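Here's the structure, in structure tokens; my notes come after.
Bear in mind that the values in this text are calculations on the coordinates, not laboratory data. Quick caveat: nothing in here was measured; it's all calculated off a predicted structure. Glycine gets a Cβ as well: all are built from the backbone with ideal geometry, and neighbour counts include every protein chain shown.
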Amino acid sequence: MSASGHSDGKGFCRKMTIKISGTGSALPEKRLTNKELEQMVDTSDAWIRERTGIQERHIAEGDSVVSLAAKACQRALADAGRTAEEVDLILLATCSAEMLLPCSAAQVQGELGAVNAVAFDINAACAGFLFALQTARAYITGGMYQNALVIGAEVLSKIVDWEDRGTCVLFGDGAGAVFVEKSEEEDRGILSMVQGSDGSRGGVLYCRTRPQETEDAFAGRDAFVHMNGGEVYKFAVRQVPDCIENALKKAGLTVADIDLFVLHQANVRIIEAIAKRLRAGMEHFPVNADRVGNTSSAAIPLLLDELRKSGKIQVGQRLVLSGFGAGLTYGACVMRW
Ligand code: ACO
């Protein structure tokens with residue numbers, strides 16, 4: 001179905017868009033299996049597999065958000081055939097930065113030697129990569145920059161309470177990056193994008209930057225991730241299909257036109273429920289949460305890189321990317337590779 005000339009409703013003509021021309025990723029070496037978790041908290045491999053589909057995750061020992069992000073960027077630049085000096089903009093989505101100042105993106109810029117780039121962080125939790133991609137698109141289509149490195153990188157293992165079985169079994173560490181630039185081809189690149197936030201439900205999933213004594217809407221006082229799993233599940237299963245349908249409508253496409261839905265890898269059960277709501281087969285929903293767990297903002301670029309390198313994404317295919325998480329935040333993007 002051709003929909004050339006459509007606007008995405010926010011002033012961007014489809015002719016002016018961006019495309020991904022390189023991908024890269026990095027995972028810490030250490031793997032933590034469900035069996036090992038059985039020795040740490042009162043859980044079982046069977047419970048974790050059945051409720052989440054996760055079998056193992058990677059845990060950073062010597063690595064940081066910055067070192068993982070820098071490795072992913074070097075691989076994305078090599079894949080795109082570009083050098084660090086050519087990069088105009090570095091956007092790093094993370095919610096687990098080791099430092100408040102300087103921002104992680106600036107540290108990545110330093111490590112890469114990307115001397116001509118402007119760099120800053122974006123925190124929209126598991127929707128962060130999508131929000132960063134949309135920001136890059138706005139800068140590039142607005143004519144301010146020619147290209148960008150868009151990164152999702154997390155070391156969630158440092159903000160997880162390893163005594164809380166309700167959360168520690170879910171998360172993993174890792175980074176993914178894409179190199180994006182202006183697309184000159186009318187029907188190649190990002191075709192539409194939608195984003196949303198609902199700050200009234202922030203208490204469903206949160207983490208402080210430091211322990212706190214005062215009482216407020218966020219009950220836990222420590223600096224670990226707190227989650228109402230049931231509410232997160234309901235939010236994802238209701239909001240994400242709507243968001244994807246809206247993005248498809250803006251692109252003049254339907255679920256049947258899409259080859260692959262690259263979703264935030266919150267957990268496999270959520271992805272299956274979203275697929276069912278969209279009335280699409282699971283063969284269109286690639287999964288790596290079983291091997292890497294939930295890596296928040298890193299999940300989508302990590303999976304994209306895996307799919308590209310294994311030949312599962314081909315030029316011309318239509319993809320939907322969708323992220324959702326703390327905030328609450330959500331976003332979806334339709335693209336033609
Ligand atoms: N091992 C064993 N038992 C556990 C574990 C565990 N790791 N965690 C919780 N339980 C227990 C609970 O204590 C509870 O016991 P009880 O009945 O005696 O009180 C029981 O299992 C059932 O707990 P529920 O929370 O009702 O389990 P549910 O079937 O809802 O599954 C889950 C929990 C998997 C977290 C589910 O709510 C979910 O998928 N939520 C989405 C959360 C998510 O993916 N978050 C990721 C971060 S947010 C994001 O990325 C968008």
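Observations on the model:
- Equivalent ellipsoid of the stretch 5-183: semi-axes from √(5λ) of the C-alpha gyration tensor, largest first, are 33, 18, 14 Å.
- Once the Cα atoms are used to define both axes, helix 128-141 deviates from the longest principal axis of the chain by about 20 degrees.
- Lysine pairs with alpha-carbon atoms under 15 Å apart, the chain, spacing 8 or more or separate chains: 7
- Loop-located GluC sites (Glu not before Pro) in the stretch 24-78 whose Cβ has at most 14 other Cβ within 10 Å (DSSP): E29, E61
- ³J(HN,Hα) computed for each position of the stretch 184-194 - Karplus, 6.51 cos²θ - 1.76 cosθ + 1.60, integer Hz, glycine/proline x: 8, 7, 4, 10, 10, x, 6, 9, 7, 8, 10
- Percent of C-alpha pairs per 10 Å bin, the stretch 181-337, short to long: 10, 38, 32, 14, 5, 0
- Peptide ranges 212-221, 244-253 listed from the most packed, as the mean C-beta count within 10 angstrom indicates: 244-253, 212-221
- Residue with peak Gaussian network fluctuation, the chain [Cα springs, cutoff 10 Å], from F179, F235, F324: F235
- Using a Förster distance of 41 Å, the FRET efficiency for V115-S310 (Cβ separation, nearest 0.05): 0.75
- The chain - mean residue ellipticity at 222 nm from DSSP helices (-39,500 (n - 2.57) per run, n ≥ 4, rounded to 500): -9000 deg cm²/dmol
- Tilt relative to the chain, helix 65-80 - C-alpha long axis, 0 to 90 degrees, to 10: 30 degrees
- Net lengthening on full extension, D222/E38 (0.36 nm per residue, minus Cα-Cα): 63.8 nm
- The phi torsions of the stretch 81-97, fed into the Karplus equation with coefficients 6.51, -1.76 and 1.60 and a -60° offset, translate into couplings of x, 10, 10, 4, 5, 7, 6, 8, 9, 10, 10, 10, 8, 7, 10, 9, 4 Hz, rounded to whole numbers, with Gly and Pro shown as x.
- Cα-based helix-to-principal-axis angle, 299-309 vs the chain, degrees rounded to 10: 60 degrees
- Here the relative contact order of the chain, from alpha carbon pairs under 8 Å that lie six or more residues apart, stands at 25 percent.
- Choice from Q134, Q39, Q314 showing the highest fluctuation, given a GNM over the chain with Cα pairs closer than 10 Å: Q39
- Under-5 Å amide H pairs with A93, H placed in peptide plane, nonlocal only: I122, I151, G152, A153
- Among A177, A298, A117, the largest mean-square fluctuation in a Gaussian network model of the chain, built with springs joining Cα atoms closer than 10 Å, belongs to A117.
- Normalised radius of gyration (Cα atoms, divided by 2.2 N^0.38 Å) for the stretch 247-304: 1.14.
- Two-decimal log10 I(q)/I(0) for the chain, as the Debye equation yields it once each C-alpha is a single scatterer, q = 0.07 Å⁻¹: -0.26
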